[in-house]
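Heads up, the thing below is written out as structure tokens.
The values are calculated or read from the model by the stated rules, or taken from the named source; none is laboratory data. Computed from a prediction, not measured in an experiment: that's the story for all the values here. Positions of Cβ are backbone-derived with ideal geometry, glycine not excepted, and every protein chain shown enters the neighbour counts. The area values use the complete protein model at the heavy-atom level, side chains included, leaving out ligands, DNA and RNA. Shrake-Rupley method; radii C 1.70, N 1.55, O 1.52, S 1.80 Å.
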Amino acid sequence: QVQLVESGGGLVQPGGSLRLSCAASGTIFSIWPMGWYRQAPGKQRELVADITSGGITNYADSVKGRFTISRDNAENTVYLQMNSLKPEDTAVYYCTVKIQLLYYWGQGTQVTVSS
């Protein structure tokens, strides 16, 4: 049973930082790509960043230079360091792993950027 558990969300002021974590279990995650998506109220879920098993990263244009995705394969954990946060980053953030043709999702963690 694949399980993904996110943590680290919360309320932060504009310009602040947060670090999201996603702990994975149920399979050998080191061989699969993982990523972070987000969904704001009234909007579709969108890709924030993803990372291959070899550490190649990809970012949405809106977060380039501000967010950093990383993974610790020994700990089956993927991280999202978010700096210079903006109100438009407010959303529920979801961790995902793509195993062959299937995406598995965590329950999400709320990030709110507001003064």
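Would you check which residues across the stretch 74-85 are open to solvent by 60 Å² or more (accessible area, probe 1.4 Å) and among the hydrophobic types (A, V, I, L, M, F, W, C) and list them?
ALA74
Name the single residue, out of those in the stretch 1-43 being of a type in the set (Phe, Trp, Tyr) and touching a Leu at 6+ places or on another chain (Cβ under 6 Å), that is least open to solvent (accessible area, probe 1.4 Å).
If we take residues in the stretch 1-43 being of a type in the set (Phe, Trp, Tyr) and touching a Leu at 6+ places or on another chain (Cβ under 6 Å), then TRP36 is least open to solvent (accessible area, probe 1.4 Å).
Only residues that are among the hydrophobic types (A, V, I, L, M, F, W, C) and either surrounded by 15 or more Cβ atoms within 10 Å (Cβ to Cβ) or within 17 Å of LEU20 (Cα to Cα) (or both): list them for the stretch 44-58, please. Quick ask: steps written out before the conclusion?
If we filter the stretch 44-58 for residues that are among the hydrophobic types (A, V, I, L, M, F, W, C), which is where we start, we get 47-49, 51, 56.
Selection gives LEU47, VAL48, ALA49, ILE51.
Would you be able to tell me the number of residues in the stretch 86-115 that are touching a Leu at 6+ places or on another chain (Cβ under 7 Å), open to solvent by less than 40 Å² (accessible area, probe 1.4 Å) and farther than 29 Å from GLN13 by Cα?
Of the residues in the stretch 86-115, 1 are touching a Leu at 6+ places or on another chain (Cβ under 7 Å), open to solvent by less than 40 Å² (accessible area, probe 1.4 Å) and farther than 29 Å from GLN13 by Cα.
Give the stretch 59-73 a look and list any residue that's open to solvent by less than 40 Å² (accessible area, probe 1.4 Å) and assigned to a helix (DSSP H, G or I), or say none. So that I can check it myself, show each step before the final result.
As a first pass, look at the stretch 59-73 and keep what is open to solvent by less than 40 Å² (accessible area, probe 1.4 Å): 60, 63, 66-67, 69.
Hit for the stretch 59-73 is VAL63, nothing else.
Only one residue in SER84, SER30, SER25, SER53 is at pLDDT 95 or above and of a type in the set (Ser, Thr, Tyr). Which one? Quick ask: steps written out before the conclusion?
Details: SER30 fails: at pLDDT 95 or above; SER25 fails: at pLDDT 95 or above; SER53 fails: at pLDDT 95 or above.
When all the criteria are applied, what remains is SER84.
Please indicate, with yes or no, whether at least one residue in the stretch 97-108 is without any contact (Cβ under 8 Å) to a residue 24 or more places away in the chain, among the basic types (Lys, Arg) and either out of contact with any strand residue (DSSP E or B) (no Cβ under 7 Å at 6 or more places or on another chain) or under 17 Å from GLN3 (Cβ atoms) (or both). Walk me through how you get there before you give the answer.
Our first condition is that a residue be without any contact (Cβ under 8 Å) to a residue 24 or more places away in the chain; within the stretch 97-108, this holds for 100-103.
Then drop every residue that is not among the basic types (Lys, Arg), which leaves none.
Looking through the stretch 97-108, none of the residues is without any contact (Cβ under 8 Å) to a residue 24 or more places away in the chain, among the basic types (Lys, Arg) and either out of contact with any strand residue (DSSP E or B) (no Cβ under 7 Å at 6 or more places or on another chain) or under 17 Å from GLN3 (Cβ atoms) (or both).
Quick check on the stretch 19-40. Is at least one of its residues touching a Pro at 6+ places or on another chain (Cβ under 8 Å) and of a type in the set (Gly, Ala, Ser)? Spell out how you get there, then give the answer.
In the first step, residues of the stretch 19-40 are kept if they are touching a Pro at 6+ places or on another chain (Cβ under 8 Å); the result is none.
There is no residue in the stretch 19-40 that is touching a Pro at 6+ places or on another chain (Cβ under 8 Å) and of a type in the set (Gly, Ala, Ser).
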